[in-house]
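Worksheet for the structure shown next.
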Amino acid sequence: MARPKKQTIDYFPHQVGNGKTKLILQNEFGNDGYAFWFQLLELLCVSDNQVYGYNNPASWRLLLAETHVTEDNAIKILQLLADLGAIDSELHKNKVIWSQNLIDNLELVYRRRATGIPERPVIADKNEVIDNNNRQTILNNTKQYKRGEEVSATQQYLFNILLRCPAIKKSDSVKLPELLKDYPGINYELEFKKFVEWWPGPKKRKKPWVVLRNWLGQAQPDETKLTDSGRYKKL
């Protein structure tokens, strides 16, 4: 049986002008509200079928890292977006983000594809979300790896960047969720790309994950610079 094609997007239309959502977000949260909204749209675009679920700690931490806001503000902004109809309010209650307006704006992109435009997920029960396209649970947007870790579509995108480093192996994917938990406030996409371009640096290093942790530790904002262990390993 053929593997289903991923439904991700490389870009989305950013219309010039003051729409309702943007104005209200800026009025209540300043630039944080504006930045959160467009970072969230980018995250949805790189998520399969433009659906993002954050009902596990790793996905929630990744959302915070992508949007660069505090947890309290993220909760408030998501609720405001749901109240405004910018994201689906019913799915939001189940910690699933879906923006019908985004999908409508992507219609021309999907017309050129044979896969068809994504449809709104359907809530089956408290623990399951079914995608109308293929009647499979939202866990199709994750890949299951060893140790029970779930890697979301966005995490898979980030790991694919790391795979460009010859020292990173596919089996290393199990290390990614813990890594994302330990370094909040990081622009992972940017730092991973910089790390891959730099590797192995002036020395012949053999432990890429140790070096990557040190790299992210140096890139991390000062107020979040401690991991669970309270220290970083030296290169």
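The values are calculated or read from the model by the stated rules, or taken from the named source; none is laboratory data. Quick caveat: nothing in here was measured; it's all calculated off a predicted structure. Because the Cβ atoms are built from the backbone with ideal geometry, glycine has one as well, and the counts that use them run over all protein chains shown.
Filtering Asn49, Asn27, Asn73 for residues that are touching a Pro at 6+ places or on another chain (Cβ under 6 Å), outside the structural domain of Leu158 (by TED's automatic domain parsing) and assigned to a helix (DSSP H, G or I) leaves a single hit, Asn49.
Of all residues in the stretch 79-99, one or more are in contact with a His (Cβ under 9 Å, 6 or more places away or on another chain), assigned to a loop (DSSP other than H, G, I, E, B) and either of a type in the set (Asp, Glu) or surrounded by 20 or more Cβ atoms within 10 Å (Cβ to Cβ) (or both).
Only helices (runs of 4 or more DSSP H) whose full extent lies in the stretch 116-235 are considered here, and the ones with at least 3 residues that are closer than 30 Å to Glu90 by Cβ and either of a type in the set (A, V, I, L, M, F, W, C) or at pLDDT below 85 (or both) are 153-162. Looking across the stretch 176-199, the residues that are surrounded by fewer than 20 Cβ atoms within 10 Å (Cβ to Cβ) and either in contact (Cβ under 8 Å) with a residue 24 or more places away in the chain or under 14 Å from Arg61 (Cα atoms) (or both) come down to Glu178, Lys181, Asp182, Pro184, Gly185, Asn187, Glu189, Glu191, Lys193, Val196, Trp199.
Remark: pairs (first residue in the stretch 63-89, among the charged types (D, E, K, R); second residue surrounded by fewer than 19 Cβ atoms within 10 Å (Cβ to Cβ) and not in a helix (DSSP H, G or I); Cβ separation under 7 Å; 6+ apart in sequence or on different chains) = Asp88/Arg120.
Take the conditions (1) touching a Ser or Thr at 6+ places or on another chain (Cβ under 6 Å); (2) closer than 19 Å to Glu42 by Cβ; (3) at pLDDT below 85; Tyr110 misses just one of them, which is (1). In the set (1) under 18 Å from the mean Cα position of the chain (by Cα); (2) buried (at least 20 other Cβ atoms within 10 Å of the Cβ), Leu106 fails one condition alone, (1).
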